[in-house]
1. Quick one: Debye curve from the C-alpha atoms of the stretch 211-351, no solvent, what's log10 I(q)/I(0) at q = 0.16, 0.18 Å⁻¹?
2. Quick one: accessible surface of Phe92, probe radius 1.4 Å, all protein chains present, in square angstrom to the nearest 10.
3. So what's the net charge close to Lys374: Lys and Arg +1, Asp and Glu -1, counting the other residues with Cβ under 11 Å from its Cβ?
4. Given a 1.4 Å probe and the protein chains all in place, what does the accessible area of Ile330 round to, in Å² to the nearest 10?
5. Between the stretch 96-138 and the stretch 260-318, what is the C-alpha centre distance in whole Å?
6. Which of Phe388, Ile330, Val343 sits closest to the plus end of the dipole of the stretch 288-394, meaning its Cα is farthest towards the positive end, when Lys and Arg get +1 and Asp and Glu get -1 on the C-beta?
7. Carbon and sulfur atoms: what percent of the 1.4 Å accessible area of the stretch 324-410 do they account for?
8. Rolling a 1.4 Å sphere over the protein heavy atoms, what is the accessible area per residue of the stretch 263-395, to the nearest Å²?
Amino acid sequence: LESLWQNYSSDSCFEHTFLIMLIVNERCKAAVINSPFDSLTKSRSHDKIDPAAVELKCSAFFQNVVSMSLLGDLHSRPFLLEPYVYFLICAFRNLEDVLVKKMMLRYLSLPIWESLSQVRLNTELQKSIQLQKFWNKYISKRKSVEANATTAVSVVSISEEVVTPKSVKKAKKSTKKDVQAVEVSDNSTKIEPSAPSKENLVVLETMKRDAEWFPSLVRQFIDIVCSEQKSTPETYIILYLERFVEFLVDLLSQVPTRKFLRTLLDDMHFLLLCGRSSIVTSQEHPLLAKLLTSLDNYMHFELDDQSGKALTWQEMMEESNARVQKLQQIAYSDYSEMLQDLVFSSVGELMKKESLNKHLQYLNDDQLLALAIKLQIVTEKDASNEVFRTREDVLELFYEKFVTRPRQLSELSKLPLYPTEELLWDDNQLPRSEP
């Protein structure tokens, strides 16, 4: 690893980068005492390595790792998806390393909310004034960088043309701030963009990468798990699916990475789309199903995403009551005849799956979907793209939104204090040790 890292640069090829990732993966599996990233992130004083140079090299390495997915380098090599995701697991499990944290945590920060639907984004920002300030500051910076980068692109296009003296004068006036030099010869004139304009292009590319990378990983997973499988999927595909769900479980179990990710997964209806996948429903892959169950528990963990504070049962019930009351208000204003019983039902009764289903059966499919859109459970884009093809899919969203889940503390209290025979002989819960 040391020799590979010593010769690494931002221009290193795909194979060079991935080989380093594979070696780091093996060090993670070996459970070495030191961090598997020490060889990458720790500068050695006796080698006279500048810490700033180490950080620059690490930045180039992690950018190349991220670009593998964004540029589609892995699409033609699906057998590399599982080790790629395992490397990400190793990275986010070593956030105590300052450089790793600085390089990776940025991809699970506020910019990923660009992928939220506009309705959901507005709803989340209304919950916190501080989040609104951060979002407005980020958007204003993004627009400023895009404007400057657009100017830089236009200057570059001018520099590639052969122009006349008259057009040179016009170019000098229109691009006075963005032109570093104008070289006039007998045959042609070359106009080069200024350094600040080039920097804006780099900053814009970085901002796009921060906002688009992780949502693209989630969409890629959904496309694979929801694809129509005419035959049994390859083993490496199943390993990738299991590893990616494990990755999400790890991220949701940590407050710094959970903060913005849970909202993104919920807005994408991640669990619902996975639940209707033929790979999951076939029951041929029990480990994947159990990992999705674990992910479901973490998605609904009784925790405030932003502050990390545990929610009390009363706070959770107040949120549930507010959602049900909004349902009754819309039902009264728009569906008073068909949903009259729902309007006058108690809030506690509507939090039960059987009762809610009984009331919603009076609506046809189009009316049910329209009600879901008004309640902001489904976006108009999802409805137009037929993401929810059946009535059962839309009903599952209503159950997810309004039906009260059992309190996790109560569920834990039901577990036996000592191991049972079922636990002792279940290899999935308690793997056997090798002889």
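The values are calculated or read from the model by the stated rules, or taken from the named source; none is laboratory data. Computed from a prediction, not measured in an experiment: that's the story for all the values here. All Cβ positions, even for glycine, are placed from backbone atoms using ideal geometry, and neighbour counts span all protein chains on display. All accessible areas refer to the heavy atoms of the entire protein, side chains included, with ligands and DNA or RNA removed. Shrake-Rupley method; radii C 1.70, N 1.55, O 1.52, S 1.80 Å.
1. -0.94, -1.03
2. Probe radius 1.4 Å; accessible area of Phe92 about 0 Å².
3. -1
4. The value for Ile330 is about 30 Å².
5. 20 Å
6. Of Phe388, Ile330, Val343, it is Phe388.
7. Taking all protein chains in place, the stretch 324-410 shows 45 percent carbon and sulfur surface.
8. I get 55 Å² per residue for the stretch 263-395.
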